[in-house]
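The values are calculated or read from the model by the stated rules, or taken from the named source; none is laboratory data. Please read all numbers here as calculations on a predicted model, not as lab measurements. Ideal geometry is used to build each Cβ from the backbone, glycine not excepted, and the neighbour counts take in all protein chains shown.
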Amino acid sequence: MKILFFNAKPYDKIWFKPLAEQMNYQIKFRSVRLDEDSAGLAKGYDAICAFVNDDLNKNVINELIDAGIKGILMRCAGYNNVDLEAAKGKLKILRVPGYSPEAVAEFAMAQILTVNRQTHRAYVRIRDFNMNINGLMGENLYKKTIGIVGTGRIGQAMIRICRGFGMKILAYDLYPNESLDVEYVKLEQLFRESDIISLHCPLTDDSRYMINEDSLKIMKDGVYIMNTSRGELIRTEDLLEALRVPGKIGGVGLDVYEEEEELFYEDRSNEIMTDDMLARLVTFPNVLVTSHQGYFTKEAMQEIAHVTMENAKALEEGRDNGNEVISS
Ligand code: NAI
């Protein structure tokens, strides 16, 4: 089995290389992002392995099919960047459904603690020996209300963490999980009553831009908004407007951004930032933007590599192992 990795980073090689050797698979790591320009590189391989910011649009899928690719191994959970219609009946797409919900939930809590207690600003001040704490005052999380949107694997891990902080939890899910001991409310009530809102649902036509001008209007003054899910859950333009209103937004943590695909995961420090929304976002002292790293723990990377290689084996053996997004 010959597998071509697109968008491969040094940390991917650490986890995938030994496993591939053990399984006798030939892996080629390419740092180039998968898109219409690079898809042709797949010729001669049995499968390709892609990540969240690769572009698997219709043309790319068709080119992969022409190149003889039998399957796409997504080394991530989400697949909103894949044109499923184009792939249907022609090639298999497998993913890693749930590798470490705790990794993402713990990161979401880290975001809350950072923007609330302003450790990101304290870090910068102390490096300049500025010991003044003026402007760094936060709020207790104890007894605050957190609204969890999406109570799947990550949402549930987040609920467990927030319980430890003594917070009140409101939950919303399109498909409430009756076995969970949590108070489900309508989305509007969650928006109205939460001190902190944390997004843990997938990006779909229903959820796109759920945080927008209208929903921001009904939120409490001083609300905190955390997004470790997908950028397009938030209409960034509307969030920027709300951030400009004094006292409206307490803090924002964004591990994802609606225009992240061609920006994140690369060193752009020597370039002029042409994305005006991102450039503006990072100027707010109460906004923390990170480069889609919520999943990035040792445990999660190990699990992603393990399941992706299991998926490769299932693909090779023509066996369904439950991780197919679509079967060919
Ligand atoms: P999951 O599939 O276990 O849970 C998602 C939940 O959202 C389900 O309970 C589902 O019913 C619910 N849901 C679906 N549509 C909804 C809607 N319109 N409104 C409210 N709830 C809705 O997924 P999991 O593993 O908990 O992941 C959640 C999201 O986290 C993923 O879709 C992905 O976008 C994001 N993610 C981010 C990572 C990061 O590194 N920042 C890493 C992994 C996932």
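Which number in (1) away from the ligand (no atom under 16 Å from the Cβ); (2) touching a Lys or Arg at 6+ places or on another chain (Cβ under 6 Å) marks the one condition that M74 misses?
(1)
Kindly check whether there is at least one residue in segment 254-268 that is modelled with pLDDT under 95, on the phi > 0 side of the Ramachandran plot and in contact with a Ser or Thr (Cβ under 9 Å, 6 or more places away or on another chain).
yes
Please list, ordered by first then second residue, the pairs with beta carbon atoms under 6 Å, 6 or more apart or interchain, first in segment 180-198 and at pLDDT 95 or above, second part of a strand (DSSP E or B) and away from the ligand (no atom under 14 Å from the Cβ).
Here the result reads V182/I169; E193/T145; S194/T145; D195/T145; I196/I146; I196/Y224; I197/I225, each pair linking segment 180-198 to a residue that is part of a strand (DSSP E or B) and away from the ligand (no atom under 14 Å from the Cβ).
Taking segment 123-143, which residues are of a type outside the set (A, V, I, L, M, F, W, C), more than 19 Å from G250 (Cα to Cα) and in contact with a Lys or Arg (Cβ under 8 Å, 6 or more places away or on another chain)?
Looking only at segment 123-143, we keep the residues that are of a type outside the set (A, V, I, L, M, F, W, C), and these are 123, 125, 127-128, 130, 132, 134-135, 138-140, 142-143.
When the remaining residues are screened for being more than 19 Å from G250 (Cα to Cα), the result is 123, 125, 127-128, 130, 132.
N132, the sole residue that qualifies.
Considering only segment 34-53, how many residues are in contact with a helix residue (DSSP H, G or I) (Cβ under 8 Å, 6 or more places away or on another chain) and in contact (Cβ under 8 Å) with a residue 40 or more places away in the chain? Steps first, answer last, please.
First, pick out the residues of segment 34-53 that are in contact with a helix residue (DSSP H, G or I) (Cβ under 8 Å, 6 or more places away or on another chain): 34-36, 39-40, 42, 46-49, 53.
Pick out the ones that are also in contact (Cβ under 8 Å) with a residue 40 or more places away in the chain and you get 46-49, 53.
So the answer is 5.
Go over the candidates Y11, Y25 one by one and state the one that is within 23 Å of the chain's Cα centre (by Cα), surrounded by fewer than 19 Cβ atoms within 10 Å (Cβ to Cβ), touching a residue at least 12 places away in the same chain (Cβ under 8 Å) and more than 20 Å from G322 (Cα to Cα). Steps first, answer last, please.
Working: Y25 fails: within 23 Å of the chain's Cα centre (by Cα).
Selected residue: Y11, the only one of Y11, Y25 that is within 23 Å of the chain's Cα centre (by Cα), surrounded by fewer than 19 Cβ atoms within 10 Å (Cβ to Cβ), touching a residue at least 12 places away in the same chain (Cβ under 8 Å) and more than 20 Å from G322 (Cα to Cα).
Among the strands (runs of 3 or more DSSP E) contained in segment 140-254, which hold 2 or more residues that are within 16 Å of the ligand (Cβ to nearest atom) and over 21 Å from S291 (Cβ atoms)?
145-149, 168-172
Out of all the residues in segment 259-279, is one or more within 20 Å of L113 (Cα to Cα) and buried (at least 17 other Cβ atoms within 10 Å of the Cβ)?
The initial filter retains those residues of segment 259-279 that are within 20 Å of L113 (Cα to Cα), namely none.
No, that holds for no residue.
Check F129 against each of (1) within 15 Å of T228 (Cβ to Cβ); (2) more than 16 Å from the ligand (Cβ to nearest atom) and name the one condition it does not meet.
Condition (1) is where F129 drops out.
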